[in-house]
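Colleague: One structure, as structure tokens, below. Some questions next.
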Number of protein chains: 2
Amino acid sequence: MKKEELLKKIGEQIRVIRIEKGLTQKQLAHLIGKDQQSIQRLEAGNINPSYIYLCEIANGLNVSLLDILNRLSA
Amino acid sequence: MKKEELLKKIGEQIRVIRIEKGLTQKQLAHLIGKDQQSIQRLEAGNINPSYIYLCEIANGLNVSLLDILNRLSA
DNA sequence: ATATCGCACAACGGATACGTTGTATTGAAG
DNA sequence: CTTCAATACAACGTATCCGTTGTGCGATAT
């Protein structure tokens with residue numbers, strides 16, 4: 001699977017979960033000490049986030065990283 | 001959970017799986033177009049690998065990233 | 001003794017992530 | 001119409017990743 005597709009997919013999944021939780025990009029960003037633009041780039045698949053970054057996102061969304069990845073295959 | 005602990009844990013888990021598969025650091029590295037030192041730093045928890053990097057590692061180990069993360073909690 | 005293999009650590013450089021600022025668009029609210 | 005919230009994109013600087021080279025150390029074998 002191509003790199004860009006992987007990044008797009010996980011970005012989209014993060015967006016879905018964020019919206020399910022009723023959060024804006026800005027709110028999620030501030031929950032984990034980042035800013036809105038960072039979340040935007042992540043959701044758009046424009047960056048290749050680090051493991052720690054993904055853990056922080058999962059934390060802000062109040063789910064586990066496993067949950068996020070599990071939902072990718074579904 | 002602290003960043004260093006997270007990196008150490010996933011590094012150790014990757015090492016366990018690599019050894020289960022009977023691979024050396026060098027062999028795993030070459031399977032995915034990297035070098036032995038990169039694997040060493042990853043396993044030692046000295047780097048914060050990107051999502052794509054983790055996908056490549058999982059690929060080289062012939063498991064899914066989900067498998068690796070699943071075994072972290074166990 | 002020396003060669004080889006697996007693993008560890010340090011340093012350098014190019015590439016990239018990510019925080020920040022600035023700006024544009026869209027839609028809802030007043 | 002104006003205002004504000006939410007999202008998107010671009011550019012810049014700093015920090016970090018990761019590939020690479022070189023070095024070392026222990027274990028095993030010849």
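Colleague: List, please: which pairs have Cβ atoms under 7 Å, are six or more places apart or on different chains, and start with a residue in segment B:34-54 that is more than 6 Å from DNA strand D (Cβ to nearest atom) and end with one that is assigned to a loop (DSSP other than H, G, I, E, B)?
Modeller: From segment B:34-54, the pairs are B:R41/B:I47; B:L42/B:P49; B:Y51/A:N48; B:Y51/A:P49; B:I52/A:N48.
Colleague: Only one of (1) within 12 Å of DNA strand D (Cβ to nearest atom); (2) within 11 Å of the chain's Cα centre (by Cα) fails for A:A58. Which number is that?
Modeller: So the condition that A:A58 fails would be (1).
Colleague: Only one of A:N62, A:N46 is open to solvent by 70 Å² or more (accessible area, probe 1.4 Å) and away from DNA strand C (no atom under 11 Å from the Cβ); which?
Modeller: Selected residue: A:N62, the only one of A:N62, A:N46 that is open to solvent by 70 Å² or more (accessible area, probe 1.4 Å) and away from DNA strand C (no atom under 11 Å from the Cβ).
Colleague: Conditions first: (1) open to solvent by 50 Å² or more (accessible area, probe 1.4 Å); (2) more than 11 Å from the chain's Cα centre (by Cα); (3) at negative phi. B:I52 passes all but one, so which condition is the exception?
Modeller: All conditions pass for B:I52, except number (1).
Colleague: Under 7 Å by Cβ, and 6 or more places apart or on different chains, what pairs join a residue from segment B:21-33 that is surrounded by fewer than 18 Cβ atoms within 10 Å (Cβ to Cβ) with one that is part of a helix (DSSP H, G or I)?
Modeller: Partner pairs satisfying both residue conditions: B:K21/B:L61; B:K26/B:Q36; B:L31/B:G60; B:I32/B:E56; B:I32/B:I57; B:I32/B:N59; B:I32/B:G60.
Colleague: May I ask you to list the residues in segment B:37-55 that are within 9 Å of another protein chain (Cβ to nearest Cβ) and in a helix (DSSP H, G or I)?
Modeller: Within segment B:37-55, B:Y51, B:I52, B:Y53, B:L54, B:C55 meet the criteria.
Colleague: Can you name every residue in segment A:26-40 that is near DNA strand C (Cβ under 7 Å from one of its atoms) and farther than 14 Å from A:G60 by Cα?
Modeller: A:Q37, the sole residue that qualifies.
Colleague: Which one is nearest to the other protein chains (Cβ to nearest Cβ) among residues in segment A:3-36 that are of a type in the set (K, R) and not in a helix (DSSP H, G or I)?
Modeller: A:K34
The values are calculated or read from the model by the stated rules, or taken from the named source; none is laboratory data. None of these values were measured; they are calculated from a predicted model. Don't worry about glycine lacking a Cβ; one is built from the backbone with ideal geometry, like all the others, and counts go over all protein chains shown. Note: areas computed on protein heavy atoms with side chains; ligands, DNA, RNA excluded. Shrake-Rupley method; radii C 1.70, N 1.55, O 1.52, S 1.80 Å.
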